[in-house]
Amino acid sequence: MKGIGSFALCFALGLGAVRAADVRIVDVKAFLFWEHSGKFSDDILGQPAFQNLTRGGGPNHEAASAVMFDITFSGEKNGTPKYATATVDIIQSQLVGQPIVTHKAFANFVLGADGLQHKALWVENATCAPLALDVHAGKTNKSVKLDFACPK
């Protein structure tokens, strides 16, 4: 009887692993936080390189030192996949030395009636050197890069 219980546990864990693949990455967006107005920019992915954002070098000449990423996941409508996870690596380049790599994991997905859920990721002091984001969920992945610089 012990063997059947072990088999059932392994089978259940195996199903959990399959369920984890039910969450996929749909989209990634990035927004600057404007420090004076307290508002967010439009999506900045795909824009040309930004210079001196901390001193107002952006499109509206307002200072920005933080980036908010909006990562959209999809899965079963109204689903709560128990074992679903997503991992994110944030790579902040440095002018001198090794890049700073931060690892983040998302779990506890509660998908809406449209099968979507958004997860936000806030990165402070990140607008003076290139910033990259690498997201993995199930069998999907997405990488984005933002070109920031603050010349001396």
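The values are calculated or read from the model by the stated rules, or taken from the named source; none is laboratory data. Small disclaimer: the values here were computed from a predicted structure and weren't measured. When we count neighbours, we look across all protein chains shown, and the Cβ atoms used for this are built from the backbone with ideal geometry, even at glycine.
How many residues does region 66-80 hold that are part of a strand (DSSP E or B) and surrounded by fewer than 17 Cβ atoms within 10 Å (Cβ to Cβ)?
Result for region 66-80: 3.
Is it fair to say P48 is in a loop (DSSP other than H, G, I, E, B) and under 18 Å from A132 (Cα atoms)?
Against the criterion (in a loop (DSSP other than H, G, I, E, B) and under 18 Å from A132 (Cα atoms)), P48 qualifies.
Could you list, in sequence order, all residues of region 100-116 that are in a loop (DSSP other than H, G, I, E, B) and of a type in the set (D, E, K, R)?
Result: D114, single match.
Name the residue that is surrounded by the fewest Cβ atoms within 10 Å (Cβ to Cβ), counting only residues in region 87-136 that are small (G, A, S), under 17 Å from I44 (Cα atoms) and under 12 Å from the mean Cα position of the chain (by Cα).
A120
Within region 51-63, identify whether any single residue is modelled with pLDDT under 85, of a type in the set (G, A, S), closer than 22 Å to L133 by Cα and in contact with a strand residue (DSSP E or B) (Cβ under 8 Å, 6 or more places away or on another chain), and answer yes or no.
Looking for residues that are modelled with pLDDT under 85, of a type in the set (G, A, S), closer than 22 Å to L133 by Cα and in contact with a strand residue (DSSP E or B) (Cβ under 8 Å, 6 or more places away or on another chain), one finds at least one in region 51-63, hence yes.
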